[in-house]
Amino acid sequence: MIVLLCMAIGIQAQQQDSAAAKFVCDLEVQPHFPGGEKAFKDFIARHLQWPKGCGETSSPRRVICQFKVQADGTCTDFKVVRSMGKCFDKEALRVLRLMPKWSPATMYDKPCSCKYTVAVCFTK
């Protein structure tokens with residue numbers, strides 16, 4: 001049985017001006033998973049599996065991942081920020097790519113894209 005904890009570590013909004021330069025700014029509303037944080041944790045717990053061939057140790061593993069929540073709520077640009085080994089990284093990214101659309105962040109009352117960072121924790 002895998003017990004997992006996912007926490008938002010950081011959020012960065014990105015807005016583009018006419019020169020296509022990006023900058024970080026404060027958000028009015030942060031992006032969120034449909035149903036909120038508990039629904040997000042439940043989603044991850046339902047789909048996450050301890051990778052086969054990655055050892056049977058019971059020590060917890062935490063992979064830090066980042067993705068972009070687009071203005072339409074689509075999640076893209078998944079990457080590992082802190083690795084715990086290829087098999088754990090691959091499983092964390094696999095599960096995150098299964099997510100449905102999120103409610104996007106807003107800035108100045110308009111949806112905007114932003115980066116979202118989470119810790120995906122593996123525990124046996």
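Structure notes:
- Cross-link pairs beyond the 20 Å C-alpha cut-off, checked among Lys41/Lys101; Lys52/Lys86; Lys41/Lys86: Lys41/Lys86
- A Förster distance of 25 Å, applied to the separation of the beta-carbon atoms of His47 and Lys110, puts the FRET efficiency at 0.20.
- Computed over region 34-124, Cα set: Rg, Dmax in Å: 14.2, 49
- Reported value for region 51-93: 72 Å³ per residue, from the convex hull of its C-alpha atoms.
Readers should treat all values here as calculations from the given coordinates under stated rules, not as data from a laboratory. Predicted model, so just to flag it, every value in this text is computed and none were measured. So basically every Cβ, Gly included, is an ideal-geometry build from the backbone, and we count neighbours across all protein chains shown.
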